[in-house]
Each structure stands twice: as structure tokens, then as C-alpha cells.
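Undergrad: Here it is, the structure in full.
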Amino acid sequence: MAEQNTTARPKGKSLKPLKSLLPFILDYRGTLFAALIALLVASAALLALPVALRYLIDNGFAANDVGTINRYFGWFFAAAAVFGSFAALRYYLVSWLGERVVADIRTAVYDRVVRMDPTFFETTRTGEVLSRLTADTTLVQSVAGVSLSIALRTTVNLLGGLVMLALTSVQLTLYIMMGIPVVIAPMIIVGRRIRRQSRTTQDRVADTSGLADETLNAIQTVQAFTLEPQQSERYSEAVVESFKAAVRRVRTRAFLTALGITMVFGSITIILWVGSRAVLDGSMSGGELAQFLMYSMFVGSSAAGLSEVWGEVQRGAGAMERLSELLSARPAIRAPENPAELPARASGRISFNKLRFHYPSRPENAALKDFSLHIEPGETVAIVGPSGAGKSTSFQMLLRFYDPQAGHIEIDGINIAQLSPTALRQQIGLVPQDTVLFGDSARENIRYGKPDADDFAVEQAAIAAAADEFITALPEGYDTFLGERGTRLSGGQRQRIAIARAMLKDPPILLLDEATSSLDAESERLVQVALEGLMKDRTTLVIAHRLATVKKVDRIVVMDEGRIVAIGNHDELIRSNELYAKLAELQFGDQQQDPG
Ligand SMILES: Nc1ncnc2c1ncn2[C@@H]1O[C@H](COP(=O)(O)OP(=O)(O)OP(=O)(O)O)[C@@H](O)[C@H]1O
Ligand SMILES: [Mg+2]
């Protein structure tokens, strides 16, 4: 999956990915402007230092005048103080900008990702997304904050230094100008390589977090099958890969540093050599050489700093590229231009019309074929069928997690493709097979059904779902923390929380995927009571695994291999449909005594 992403990616050679950083930075134009001002002031002060030094040497010493010397030392110190404080201000502003921008990018990426449809998550591992959210944004932060600041500063110092050099000695400056392309060209070539390698490094890092995420989410399965050694092995292999990728990058980077520093200081050496001869033959004063020396140090260290930071900026471009991919991801399922409107509370008439659907990853295998079913408002319909028959798929279609290849679904006579997915899902309550709880209190977990509900409504829903009793018995009642993914509750308790959630949402349409795991008689009875309350007064589609449920509904739909093979009530189907009779015996057989 991650490999797919890597190959699909165009091989960029530029800093173009950093362009997508721009809108985020431009949101803070004021700060950016202030930072630029601070940068210019600091640079001007820095560039004034050598001038003060030259006057100090040429006038102060030459004039042998204490007053003049004092004055120039005063100026020298003033320039240094201005430089110090504005450099600090620039650092603060630019770092602030970096942190702010990264916070915004994280939010924007997350915002995108939570809106993606299931197809996206089938091809992108969640660990990969998490890695981009953390590791890549951190890299971008170092670019947007630190590196960009250094790059700007060194560029300004470099240019300013060059101008001042030219004012000091045109001839020497010409030498320097000739040297610059020689220094810059290899930097650019090597820099590109770094960017590519950095991308690979980040991809490998994402692989490791993807693996860890997968394993840790299934830790009990891993331990039950004693797969710890294999999983550790897999993880360490991935880590070694990411280490190797990082070392390749660092090697290139080290080479770049060596190249940059040697070139720069090589050039300075030559200039100094030429300059010293100029002082010897009298065409330059000692103060001028000192000034020139200081400027060429600025220019040299700026160029060296630039080559260093160039690699960082390239890394950031690689990371930003990965983030841009997520930022530009668009869900395949989205609202049409002018969505149709459902009434605030739909009546709940559902009609599946000749649906044909296969999952994107299984084009040759239709999960639903010629699937037509009409359900009246308030009706309860049970769906039964062997495993893999397509029961859960029909729910996913109704929730519009996928679009069918043929046919359509209507709610209250409106094609759901014409609705915004949000408006559609607001009409539907889902009680899934495995309840998913969040790492939050019991109260908040129920409130997920209707985020603006007050505490009283939450408790009423819990009472109706037969959950009030066990919740109040928890150590802190409704405020008890349920553990990550609700690990601190039993299966039956989790189900009743899910039922309470649906009660609170109070949707006109209810989708119920009955849990296959059997509960003990008492929990089973409580869950059944809760469900009956929930199904009242709304259209309900229930994937049934229990005799008690199928006996109560008017219509049972029997599915096999994506098709509807029979419709009827329990007694009719037992007599007329072989598949149903077999299912009834196998699935509900052990409950035949259940009075239901
Ligand atoms: N995300 C998916 N990608 C590809 N194929 C899928 C996906 N989900 C389900 N399928 C396939 O679609 C078919 C129908 O699956 P579905 O989940 O609807 O079965 P089901 O009737 O709910 O079975 P069960 O009773 O075991 O839950 C199966 O063959 C299954 O392998
Ligand atoms: Mg299923």
C-alpha cells in the first residue's frame, strides 16, 4: 500500500512542493513583515560593524586621538547591540511563524483525512497518515521556522556583504563573484539528491509507524498467537530500512557540507592573499583590508550557511510534498453542486433499485448483484444470509461509503447521490457489530450520538438503552473513563452504550448489525429490551443473528452471494427456503428454546 504511493508520486526536481507552504505563511503577513524588518535591521547593523572597525583603525589609531577612538568604540558597541536585539526579535518571530504554520498544516491535513471515504483508507495505512501528521510536519516546521530564517538571513548578509565588498574594493569583489557559481552549482546538484533521499527516508519512517500501528492495535491477537518474535522481527527490519535510508541521506549531506566549506574558505584564502599584496604595495590601507576581511568572512560564512541550510530546505520540500498529497486528496464520495434537501426528519422510506456493486479492490467479484428492496416508513426488515453474502455491504451502500456501479438508492424518493453525505448520514443511526467507543467518559461516549445533547437527555437515552444501571454502578458513574476504545467494559455493556448513542440521535432510519458473539442470558435479555425500544417508530434494517429478532419481524430478506434469494416471514421461509432453514438450524438452532 505504502509502496503504491511511492511509485505513483511524480519525481519532482524542484522546490515546488514548498509553494504549497506559502498560503499557510501568508495567513500571517503581519508577523512575516515584522520578521523581515527585524531581519533587515539586524543585517544592516551587522554590516555596519566592519565600517566602524575600519574607521577605528584608520582614523582612531592613525590620529592617535583617544576621543576619536572612544567615539568609534561607542559606535561599534551600539551597532553590536542593535544587531543582537534585532537578531533575537527576528529569531522569535520566525520561530513563532514556524510553529504556527505547522499547527495550521496539521489541522488542515487532519481535516482532510477525516473526510476521506473508505476507499482511501483501503489504500493508505492509518500509520502512514499518522507519520505524515507528526514526522513530516516536524520537518516542515524546521524549514518554515529555522531554515527559512537562516536562509533569509544568510542571503541578505551575503548580498549586503557583496555590496559592501564592492564598495571597499572592486577588483577583489570581482574575484569573489567569479568564485560564487563554482560554489553554488555543486550545492544545487547535490541538494536535489538530498531531497529525493529525504523523501525516501520519510517514506521508510512512515512504514515503521504503519507497522507499529497495525500490530499495537491488534496486540491481544498478536500475543494470543504468540507472534511477538515475528512482529518484532518485522518491525526491526522496517527500522533497519529507515536507518539505511537516513544514512544515505546523511552521507550526501556530509559531502555537501565538506564541499561547501572547502570551496568557501578556499575562495577567502585566495582573496586574502591578493588583499595582503595590495596592502604591501600601498594600494589599500590596513583598515580597508580589515574591513574587507570582515566582509569576506560574512560572505564566506553566509555562503557556507546557505549550503548547509539548502540541504535542510530540500528535506522540508520532500516532507511538504508528502503533506501536499494529503492536502489535495479529495474524497470520491462528496456532495453534488446543488444537493437535494431532505426534510429535517425524513419519513424513512428506503428503496434499493437494482444495485450492482463491487469493492474497488475486487473488480471481478460483485458484492451485490441486482439488489432491489423497498422498505416502508416504520417497517422493520431483517437481513439474514451466510457469511460474505453482502449483508454489511448493503449497509455501507445505504450510508454511501461507496457508490454502486449500477442502480441507485432512494430515501423518501430522493436518490442519495443527490444528497450531501452529511445530510444523508444525519438521518441514519448505526449500531455496528463491534461497538467502537472512544477514550472518553461514559457520558461523552453516549453524547457522540448527538453532540449538542444536554446531560439529562444523555441519561434518558442511557435509561432507555438499559445502560443506566451499570453506568451508575461504575466508580465515577457517568464520568467514568472507559479506556482507549472502551476496553474497560464488557461486550454487552459496550453494545448498550452504542444503543444509547443511537437512542440519543433518534434518527428516522436505524441500521443494526447484531453482534454475533453470544452474551450471557441476562445481558442478552437487557440488550434485546434496549433494542426493541430503539426499533420502535423508525425504519429499521437489522442484520439478524438471533432467533428472537427474526421471529419478531414481518419481513426477512435472505441473501446469498450478493443476491436476494427469498423474502418472507420466519414460518414461511422455514418451510419454503432451504438456505433459510439451514441458517435457522445452524445460526439460531442453539436458541430454539428461547421464548423470543
Ligand atoms: N472493503 C472490502 N474490500 C473488498 N471486498 C470486500 C470488502 N468488504 C467486504 N468485501 C467482500 O464483499 C463480500 C460481502 O461482504 P459483507 O461484509 O457484505 O458480508 P456479510 O454478509 O456482512 O458477512 P458477515 O455475516 O460475515 O458479516 C465478501 O465476499 C467480502 O469478502
Ligand atoms: Mg457483515
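Undergrad: Taking θ as phi - 60°, what are the ³J(HN,Hα) couplings along region 400-417 by the Karplus curve (6.51, -1.76, 1.60), each to the nearest whole Hz, with x for Gly and Pro?
TA: 6, 7, 9, 9, x, 7, 8, x, 7, 10, 10, 10, 6, x, 10, 4, 5, 5
Undergrad: Sequence-distant or interchain residues sharing an amide H contact under 5 Å with residue 407, placed H: which?
TA: The answer is 356.
Undergrad: Quick check on region 433-506: what are the equivalent-ellipsoid semi-axes from the Cα gyration tensor, as sqrt(5λ), descending, whole Å?
TA: Semi-axes (√(5λ), whole Å): 16, 13, 12.
Undergrad: If you plug each phi of region 364-369 into the Karplus form 6.51 cos²θ - 1.76 cosθ + 1.60 with θ = phi - 60°, what whole-Hz ³J(HN,Hα) values come out, in order, with x for Gly and Pro?
TA: 8, 10, 6, 7, 9, 10
Undergrad: Quick check: Cα centre of region 182-227 to Cα centre of region 147-171, how many Å?
TA: Going from one Cα centre to the other spans 37 Å.
Undergrad: Name the longest site-free stretch of the chain, where the excluded sites are chymotrypsin sites (Phe, Trp or Tyr not before Pro) in a DSSP loop with no more than 14 other beta-carbon atoms within 10 Å.
TA: Value returned for the longest uninterrupted segment is 1-224.
Undergrad: Note the count of lysine pairs whose C-alpha atoms are less than 18 angstrom apart in the chain, limited to pairs 8 or more residues apart or on different chains.
TA: 10
Undergrad: Something else: Taking H as built 1.01 Å from N, whose amide H comes closer than 5 Å to the amide H of residue 117, not counting residues under 5 places away?
TA: Those qualifying (amide H under 5 Å, at least 5 residues apart or on another chain) are 332, 333.
Undergrad: Modelling each spin label as a point 7 Å along the Cα-to-Cβ direction, I'd like the residue 347/residue 403 distance in nm, to one decimal.
TA: Modelled inter-label distance: 2.8 nm.
Undergrad: Then there is this: Need the full-extension length gain, residue 36 to residue 521, defined as separation in residues times 0.36 nm minus the C-alpha distance. One decimal, nm.
TA: 167.4 nm
Undergrad: Which residues' amide hydrogens lie under 5 Å from the amide hydrogen of residue 563, considering only partners 5 or more residues apart or on another chain, with H built in the peptide plane?
TA: Amide H neighbours of residue 563, under 5 Å, 5+ apart: 369.
Undergrad: Under a point spin-label approximation (7 Å from Cα along Cα-to-Cβ), what is the residue 243-residue 454 distance to one decimal in nm?
TA: 6.0 nm
Undergrad: Specify the inter-centroid distance of region 76-122 and region 229-259, based on alpha-carbon positions, in whole Å.
TA: Cα centres, region 76-122 to region 229-259: 27 Å.
Undergrad: Hey, with R₀ at 25 Å, roughly what FRET efficiency would residue 81 and residue 261 work out to, going by the Cβ-Cβ distance, to 0.05?
TA: It comes out at approximately 0.25.
Undergrad: Determine the principal axes of the Cα atoms in the chain, then give the extent along each, sorted from largest to smallest and rounded to whole angstroms.
TA: 118, 53, 51
Undergrad: Once phi is turned into θ = phi - 60°, what whole-Hz ³J(HN,Hα) does the Karplus curve with 6.51, -1.76 and 1.60 give for every residue of region 260-270, x standing for Gly and Pro?
TA: Listing the rounded values in order: x, 5, 4, 4, 5, 6, x, 4, 4, 4, 4 Hz.
Undergrad: Still on this structure, please answer the following. For region 356-497, state the semi-axes of the equivalent ellipsoid (square roots of 5 times the eigenvalues of the alpha-carbon gyration tensor), sorted largest first and rounded to whole angstrom.
TA: After scaling each eigenvalue by five and taking roots: 34, 18, 14 Å.
Undergrad: Evaluate E = 1/(1 + (r/R0)^6) for residue 330 and residue 69, where r is the Cβ-Cβ distance and R0 equals 41 Å; express this FRET efficiency to the nearest 0.05.
TA: 0.05
Undergrad: Moving to a separate point now. Relative contact order for the chain: what percent, with Cα pairs under 8 Å and sequence separation of 6 or more?
TA: 14 percent
Undergrad: Restricting to Cα pairs below 8 Å that are 6+ residues apart, what does the relative contact order work out to for region 433-506? Please round to a whole percent.
TA: Relative contact order of region 433-506: 51 percent.
Undergrad: Between the alpha-carbon centers of region 353-398 and region 496-569, tell me the distance in whole angstrom.
TA: Region 353-398 and region 496-569 have Cα centres spaced 16 Å from each other.
Undergrad: Any idea what the relative contact order of region 204-359 is, in percent, if you count C-alpha pairs under 8 Å spaced at least 6 apart?
TA: Over region 204-359, the number comes to 20 percent.
Undergrad: With each label point set 7 Å from Cα along the Cα-Cβ vector, what nm distance links residue 361 and residue 99?
TA: 4.1 nm
Undergrad: Let me ask something else about it. Work through the residues other than residue 370 whose Cβ is under 10 Å from its Cβ and net out their charges, Lys, Arg +1 and Asp, Glu -1.
TA: Once all neighbours under 10 Å are counted, the net charge is +4.
Undergrad: Percentage of Cα-Cα pair distances in region 18-327 greater than 25 Å, rounded to whole percent?
TA: The proportion of pairs with Cα distances above 25 Å equals 62 percent.
Undergrad: Return the calculated 222 nm mean residue ellipticity for the chain, to the nearest 500 deg cm²/dmol, obtained by summing -39500 (n - 2.57) across DSSP H runs with n ≥ 4 and dividing by the residue count.
TA: -20500 deg cm²/dmol, from helical runs alone.
Undergrad: So, one more: What is the extension gain from residue 469 to residue 216, computed as 0.36 nm multiplied by their sequence separation minus the C-alpha to C-alpha distance, in nm to one decimal?
TA: Additional length available on full extension: 87.8 nm.
Undergrad: Something else about it: If one takes the longest principal axis of the Cα atoms in the chain, at what angle in degrees, from 0 to 90 and to the nearest 10, does the Cα axis of helix 29-55 lie?
TA: Tilt relative to the chain: about 20 degrees.
Every number in this text was worked out from the coordinates using simple rules, so none of it is lab data. The structure displayed is predicted, hence computed values, not measured ones. So basically every Cβ, Gly included, is an ideal-geometry build from the backbone, and we count neighbours across all protein chains shown.
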